[in-house]
1. Quick one: if you stick a label point 7 Å off each Cα along the C-beta vector at Arg154 and Asp323, how many nm between them?
2. How many angstrom lie between the Cα centre of the stretch 439-465 and the Cα centre of the stretch 340-390?
3. Report the extension gain between Glu45 and Ser205 in nm, rounded to one decimal, defined as 0.36 nm multiplied by the number of residues separating them, less their alpha carbon distance.
4. On a C-alpha basis, how far is the centre of the stretch 232-279 from the centre of the stretch 1-73 in Å? Whole number, if you could?
5. Please list, in chain and number order, the residues 5+ apart from Asp371 or on another chain whose amide H is under 5 Å from its amide H, with Hs placed from the backbone.
6. Using only Cα positions of the chain, each an equal point scatterer, no hydration layer, compute I(q)/I(0) via Debye at q = 0.06, 0.08 Å⁻¹ and quote the log10 values to two decimals.
7. So if I take the alpha carbon set of the stretch 138-296, get Rg, then get Rh from the Kirkwood formula, what is the Rg over Rh ratio?
8. Taking the convex hull of the Cα atoms, report for the stretch 362-446 its projected area averaged over all directions, in nm².
Amino acid sequence: MCRTSEIWTQLGLIPALRERSLPEEWTRYIIYTHGLSGEEIGRMESTSQIAEYTAAYSPAPFLCSTQDRMDDVLNAAAQRQVNAQVLFGHEVIGVEDTGGGVRIQVRQHSGETYTMDADWFVAADGANSPTRRMLGIEMPGIRTQRWYLNAHFRADLSRWTDPDRRGTLIWALDTAIEGVLQPLDGRTEWGGGSLFDAEVDPPSSFTAERVREMIRTMIGPGGEDTEIDLIGFWPWFVSATVARRFRQGRVLLAGDAAHQVPPFGGIGMNTGVQDAHNLVWKLAAVINGWAGDALLDSYELERHEIAERAAHYGMTNAKHVRDVRELPAAERVAALRQYGNWSGLDVGVHYTRGAFLPDGSPPPKHEVSIDEYHPSARPGARAPHLWVRTPNGRASTIELFQDVFTVVAGASGDAWTKAARKLNETGPAPVRGYTYGIDLRADIDQSEDQFGQLYGIDAGGAVLVRPDGHVAFRSRGAVSDPAAVLADALAVALGRKEAP
């Protein structure tokens, strides 16, 4: 997703991740077939994966990769952090909230155990999270009673894909075993997946040779003798569940530990990355004394609803795939649109409750659209992308909103900018201030009032944006005391004060 790439960009990871991403010529379509070698059922152009479309709403590229291809990049980035220590072969076996901190029991691969103390503990320990179980946090939602088999393999499938059958996903339907083939490098490395009923086929019954035959069956006629170099395979239970709580005292859940998203749509890891992005600035604010720990309650408020949307999206896509072959040809494209066109779910991410000050504007009817993005700077929304000229060169507004709170005022709103800079000196948290038309200027071929139109403010108005790029406050016009108004808005965004 582009939103995740925006986060990777802030961390300087895009060049390395781009090298591990599926080449762009493979990402235009999601294709449905009667087996890879068989007749095509239909295809959906995936505008959320195509640069000519995504460039309108994000400065970051869409990248298509898998976690195993990204892990070395992420691990190296973690290792470079001054205060980080990455340990492998260490398992958390006990978590106790002591009131003033967290005591953690750890078992090493050797069997030896030790105890460590921390101020806070973030559990990102997967769908079967031992931490979540130890805390007794339930995972309500849909349990499908279906399992999914993931396979990672190498094979030359080019005679069926080149040049006209290239897609991010190639679904094989109406074959004896139905599933999806996913190109990983655009050459010979692939992923494959298929649903199965564990009551008929217990997970333990899958052998390497059986998985190879499953892949050959999805290829269809001509695939019987295809050489399959199977790297590994993993059966797992499909669920659409969200933890009842994301926070318990000083312990917080993130990623799959907090939500299990069905694989249809590929947004599970994206949702987890964005969990962390929401959480880390809040933890930093608490640790640095900018906010009380009440701010961390907003993490659950905001991310819980996003996890529910993601889980629902995955389940809906599963139904679309199941039903596509039964639809008349003329109806297939429309039925499949959201599976591959998710800009509203991606950069249209917005919160309805949390660490922001509502401005009283009604939510647009289209704000929850999945397949279309309608830019909005309504408090709670991701601040929209717009190219601007800064003293340091051309930049996206997305690049301005990181690390600290940021105020951007309209051309006549310099009083807001002065208030922001004063608040930076005297307030509880760092605040940066810009005046559009002075500190920031319209990009080439843009009108001078384009920022105001996009952000819903006039020349005397302003927005306050959080360190994670979500709008915390918006004033459409000038006010008599911008310093007091801005201080109140910042207090709400830091959890120091409740919104009126």
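1. Using points 7 Å along Cα→Cβ, the separation is 4.2 nm.
2. Answer, in whole Å: 16.
3. 53.9 nm
4. About 21 Å separates the Cα centre of the stretch 232-279 from the one of the stretch 1-73.
5. Gly344
6. One equal scatterer on each Cα of the chain leads to -0.31, -0.55.
7. Using only Cα positions, Rg/Rh for the stretch 138-296 is 1.11.
8. Value for the stretch 362-446: 7.3 nm².
Values in this text are rule-based calculations from the coordinates and carry no lab data. It should be emphasised that the depicted structure is a prediction, and the values quoted were computed from it without experimental measurement. With ideal geometry, Cβ positions are generated from the backbone for all residues, glycine too; neighbour counts draw on all protein chains shown.
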